[in-house]
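Comments concern the structure below.
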Amino acid sequence: MKAIIITADGKISQCDVEKNGEPLYQLVRDTIDGFMEHIYFPDFPGFIGTVDEEGKLKNKLVNILATRLYRNPLDFLIGDVIILKYGTYKGDSDIVGIPDEEANRLMNKIREVVSG
């Protein structure tokens, strides 16, 4: 299972995520370095992005690539963004890792959207 990370300095990468009986919230908090705010990408239903809720207050860098995916003309994204998937864990709705092949397809689609 994977997560996709879009950094404010323009890098797009994948990282391995393992649930190991624990929610993925710690990975998300560590990646964004702050409190979580969920964002939605119109071109990627079923996936959720997470940013630092206080990123603007902390003067973090604008994430140009993630802002292109966000497609909200009235807002922009700050800091690193981690993308995971909606799913279920132990019978409850949760944020889960992206299966490897699906993560590869999503990465390709993200690269197409941000480059065009």
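The values are calculated or read from the model by the stated rules, or taken from the named source; none is laboratory data. This is a predicted model, so every value here is computed, not measured. Counting neighbours? That spans all protein chains shown, and the Cβs are built from the backbone with ideal geometry, glycine included.
Based on this model, can you work out whether I4 counts as surrounded by 15 or more Cβ atoms within 10 Å (Cβ to Cβ), touching a Lys or Arg at 6+ places or on another chain (Cβ under 8 Å) and in a strand (DSSP E or B)?
The answer is no for I4.
Considering only residues of the stretch 60-69 that are touching a residue at least 40 places away in the same chain (Cβ under 8 Å) and outside any loop (DSSP other than H, G, I, E, B), which is nearest to the chain's Cα centre (by Cα)?
A66
With the structure loaded, tell me whether I48 is within 19 Å of L106 (Cβ to Cβ) and in contact with a strand residue (DSSP E or B) (Cβ under 7 Å, 6 or more places away or on another chain) or whether it fails that test.
Details: within 19 Å of L106 (Cβ to Cβ): yes; in contact with a strand residue (DSSP E or B) (Cβ under 7 Å, 6 or more places away or on another chain): yes.
Yes, satisfied.
Residues L27, L69: which one is within 26 Å of K90 (Cβ to Cβ) and out of contact with any Gly (no Cβ under 7 Å at 6 or more places or on another chain)?
None of the others qualify; the one that does is L27.
How many of the residues in the stretch 57-78 are surrounded by 19 or more Cβ atoms within 10 Å (Cβ to Cβ), aromatic (F, W, Y) and more than 16 Å from M107 (Cα to Cα)?
Count: 0.
Within the stretch 70-114, which residues are under 15 Å from the mean Cα position of the chain (by Cα), in a loop (DSSP other than H, G, I, E, B) and of a type in the set (A, V, I, L, M, F, W, C)?
F76, L77
Determine whether T31 is under 24 Å from R111 (Cα atoms), modelled with pLDDT under 90, crowded, with 16+ Cβ neighbours inside 10 Å and among the polar types (S, T, N, Q).
Yes; evaluated as a whole, the condition is true for this residue.
Among what's in the stretch 26-48 and is in contact (Cβ under 8 Å) with a residue 40 or more places away in the chain and not in a loop (DSSP other than H, G, I, E, B), pick the residue that is farthest from L65 (Cα to Cα).
So, considering only residues that are in contact (Cβ under 8 Å) with a residue 40 or more places away in the chain and not in a loop (DSSP other than H, G, I, E, B), the one farthest from L65 (Cα to Cα) is L27.
What's the number of the only condition in (1) at pLDDT 90 or above; (2) under 20 Å from I110 (Cβ atoms) that E54 fails to meet?
If we test E54 against (1) at pLDDT 90 or above; (2) under 20 Å from I110 (Cβ atoms), just (2) comes out false.
Inside the stretch 79-116, can you point out the residues that are over 20 Å from C15 (Cα atoms) and surrounded by 12 or more Cβ atoms within 10 Å (Cβ to Cβ)?
V113
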